[in-house]
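The values are calculated or read from the model by the stated rules, or taken from the named source; none is laboratory data. Quick caveat: nothing in here was measured; it's all calculated off a predicted structure. Note: ideal-geometry Cβ built from the backbone for every residue, glycine included; neighbour counts use all protein chains shown. For accessibility, only protein heavy atoms count, side chains too; no ligands or nucleic acids. Shrake-Rupley method; radii C 1.70, N 1.55, O 1.52, S 1.80 Å.
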Amino acid sequence: MRLSLVLVLALAAIVTADDEIDWHKLRPAWRMPRYWRRLPKEVMAQLASETKDLPRHRPEGRIVGGYFATPGQFPYQVVVIANFPEGGALCGGSVLSQNYILTAAHCVDLANGGTVILGAHDRTDISEAGQVRIPFTAAGINYHPSWDPSLIRYDIATVRLLTPVQLSDRIVPVTLPRWSDAGTDFAGITGTVSGFGRFSDDINAASDVLRYVTNPIQTNTACNIRFLGLIQAENICLSGDNGRGACSGDSGGPLTISRDGQTVQVGVVSFGLALGCERNWPSVFARTTSFLQWIQANSDVIIQA
């Protein structure tokens, strides 16, 4: 689960048919021209200077230092399948409530609807116990008004489900940070990122089952040394030590910490290094403490003091 291409705008595209998903028609969205047109100039310059040491500019994508989740280990994790004119895109997300999920803006930007898979351990198994699939429409998508795809800023969105989901031991809302957490950088705390992201560059290479990795959260200053000023106050970074992190298909998924017996979501998967997923670069997330007021205004959750 490491980021491919510079942005986790490297999604895996899919085609849906009725209630079933044809997983064999996945293709990485970094092949979609609309994503390349959005790459910042700094990123394109970096690609031009660094790709010469690679035989082909393609993400490697194997999970290094990661683990298979056990069923129900991350009951707040969801799969977001957004439908676009040029195909569909596979992303992650998290359960906010019975009505809303949290994901990245780039996962649903310009989408005309889609499907959210909740309670899944194996995303391809429609008969899996506890798995639920609920559609959403374009009208249910809310991205941050300052979302900037060219600079990958304010990369956060909520999506309203067409029908409320019944909560269970496999479907549980994630805990968000408190108002009092505003200004906390969480640096040095172990973070966990989970998702169904790609583990190779094959056409059907996203993970069928949920995986996760852990690493320390970095300061934004340390992260910006690698990302040449792209990191802003509304970002949070997870160290890429030992090749760990998020990858294509994990976009929109949760970065969490453990605190007082609770799992608290401190980030939403946003972007990373263009040159592959195991080059020890950080994974970058939208920092949820920067968006608490917006999340509360665009969902039905109440942020705690």
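Miscellaneous remarks
- Taken over the stretch 95-112, the criterion of being buried (at least 24 other Cβ atoms within 10 Å of the Cβ) and among the polar types (S, T, N, Q) is satisfied by Thr103 alone.
- Matching residues in the stretch 179-205 - criterion: being farther than 30 Å from Gly88 by Cβ and either modelled with pLDDT under 65 or not acidic (Asp, Glu) (or both): Trp179, Ser180, Ala182, Gly183, Thr184, Phe186, Ala187, Gly188, Ile189, Thr190
- Odd one out for Arg244, checked against (1) surrounded by fewer than 22 Cβ atoms within 10 Å (Cβ to Cβ); (2) among the charged types (D, E, K, R); (3) more than 27 Å from Gln296 (Cβ to Cβ): (1)
- Of all the criteria given as (1) surrounded by fewer than 22 Cβ atoms within 10 Å (Cβ to Cβ); (2) under 18 Å from Val284 (Cβ atoms); (3) modelled with pLDDT of 95 or more, the one not satisfied by Gln218 is (1).
- Take the conditions (1) at pLDDT below 95; (2) over 21 Å from Ala246 (Cα atoms); (3) open to solvent by less than 40 Å² (accessible area, probe 1.4 Å); (4) of a type in the set (D, E, K, R); Glu86 misses just one of them, which is (3).
- Criterion violated by Asp250 - all others in (1) of a type in the set (D, E, K, R); (2) open to solvent by less than 10 Å² (accessible area, probe 1.4 Å); (3) modelled with pLDDT of 90 or more satisfied: (3)
- In the stretch 263-287, the qualifying residues are those that are at pLDDT 95 or above and more than 16 Å from Pro149 (Cα to Cα), and the one that is surrounded by the most Cβ atoms within 10 Å (Cβ to Cβ) is Gly267.
- Scanning the stretch 222-241 for residues that are part of a loop (DSSP other than H, G, I, E, B) and either buried (at least 21 other Cβ atoms within 10 Å of the Cβ) or not hydrophobic (A, V, I, L, M, F, W, C) (or both) turns up Gly229, Ile231, Gln232, Glu234, Ser239, Gly240.
- Among the candidates Arg160, Arg133, Arg178, the residue that is more than 27 Å from Asn242 (Cα to Cα) and out of contact with any strand residue (DSSP E or B) (no Cβ under 8 Å at 6 or more places or on another chain) is uniquely Arg178.
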